[in-house]
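**Q** Sending over a structure as structure tokens; questions will come in a sec.
The values are calculated or read from the model by the stated rules, or taken from the named source; none is laboratory data. Keep in mind that this is a model prediction, so the values were computed, not measured. Here Cβ is always computed from backbone atoms with ideal geometry, including for glycine, and neighbour counts include all displayed protein chains.
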Amino acid sequence: MTHKQIIDHVSRTLGMQLDTSAPEGDLIRDWIYAGIVDIASRTRAGVRAVDLVITANTRVHDMSQQIISLLDIEDGSGFLTRYSREDVSFMQSVGQRGYAYEEPLLWLSPLRDTDGQSVRAYGVFMPQRMSGDSDSPSTEQFGNLSEGFHPTIITYCLWKGGEYIEHEQSGGGERWREQYEGKDGVGGEISKIKRILAKRVSPAGSRRRDPTGQVGALSGPLEYLGG
């Protein structure tokens, strides 16, 4: 689905206005973005590979604006082993290779002594907001979500929109909330996406050290300021 198709579906279902005299179109756009991020955060859908440009001489990097879920890191010498932050802090002092990640903080060893160096990261990353009518959550930079998961974005928007307008027929959005995450918050469409993704994973997936075949092509460099 395109950005416009999602907006039109939500506004039509809830009876919200899209003209410039009301802010409801912007609200729907905010819900769409929040829904994409929430789906990715809960299900780890949309795994891809990016090149992270590293800030030199920085022991701890704040990745809160870049990473939702980190699976693996690779540098010019191969894949890095994951350790605890205490172990990696020591390894940084002696120049050994490894990394630690405790959301949203990333430790890399050895420290990079020159700006502009990068590592290849595999995981789920914060998407950009869609702005054009033809933009799609299927596109890598806008979420990398399979077309089959797009109706769940709509369900999220209807939930939040139902709360906002106090939609009577849905119990103020409660019916859509249950459809989205289940009555107890661990079911619904989110649980279905998790099951679909689990079936796509190879039984040997945890032992594979080259995820490229599973996640597709690399994105462009992702830059950030070290914390």
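**Q** Give me the residue from the stretch 61-81 that is surrounded by fewer than 17 Cβ atoms within 10 Å (Cβ to Cβ) and of a type in the set (Gly, Ala, Ser) and, out of that set, nearest to the chain's Cα centre (by Cα).
**A** Of everything passing the filter in the stretch 61-81, Ser64 is nearest to the chain's Cα centre (by Cα).
**Q** Could you check the stretch 108-119 and list, in sequence order, the residues that are in contact with a helix residue (DSSP H, G or I) (Cβ under 9 Å, 6 or more places away or on another chain) and either outside the structural domain of Leu71 (by TED's automatic domain parsing) or surrounded by 18 or more Cβ atoms within 10 Å (Cβ to Cβ) (or both)?
**A** If the condition is that a residue be in contact with a helix residue (DSSP H, G or I) (Cβ under 9 Å, 6 or more places away or on another chain) and either outside the structural domain of Leu71 (by TED's automatic domain parsing) or surrounded by 18 or more Cβ atoms within 10 Å (Cβ to Cβ) (or both), then Leu108, Ser109 are the ones that fit.
**Q** Name the residue, out of Ser93, Ser84, Ser11, that is farther than 17 Å from Ala121 by Cα, among the polar types (S, T, N, Q), buried (at least 18 other Cβ atoms within 10 Å of the Cβ) and free of Cβ contacts under 8 Å to residues at least 24 places away in the same chain.
**A** When all the criteria are applied, what remains is Ser11.
**Q** On to the next question. Considering Gly46, Gly143, which residue is in contact with a strand residue (DSSP E or B) (Cβ under 7 Å, 6 or more places away or on another chain), within 30 Å of Asp8 (Cβ to Cβ) and not basic (Lys, Arg)?
**A** Result of the check over Gly46, Gly143: Gly46.
**Q** Give the stretch 36-60 a look and list any residue that's more than 30 Å from Gln179 (Cα to Cα) and either small (Gly, Ala, Ser) or crowded, with 19+ Cβ neighbours inside 10 Å (or both), or say none.
**A** Ala49, Val50, Leu52, Ile54, Ala56
So that you can scan it fast, the table gives a plain yes or no per residue for (1) buried (at least 22 other Cβ atoms within 10 Å of the Cβ); (2) touching a Ser or Thr at 6+ places or on another chain (Cβ under 7 Å); (3) acidic (Asp, Glu):
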site	(1), (2), (3)
Leu106	yes, no, no
Gly132	no, no, no
Glu140	no, yes, yes
Gly162	yes, yes, no
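**Q** Here is a check on your reading of the model: is Thr155 outside any strand (DSSP E or B), over 30 Å from Glu178 (Cβ atoms) and among the β-branched types (Val, Ile, Thr)?
**A** no
**Q** How many residues does the stretch 176-187 contain that are modelled with pLDDT of 95 or more and within 12 Å of Arg42 (Cα to Cα)?
**A** 3
**Q** Okay, next question. Regarding the stretch 62-74, can at least one residue be identified that is part of a strand (DSSP E or B), among the charged types (D, E, K, R), touching a Ser or Thr at 6+ places or on another chain (Cβ under 9 Å) and not assigned by TED's automatic domain parsing to the domain that holds Val186?
**A** no
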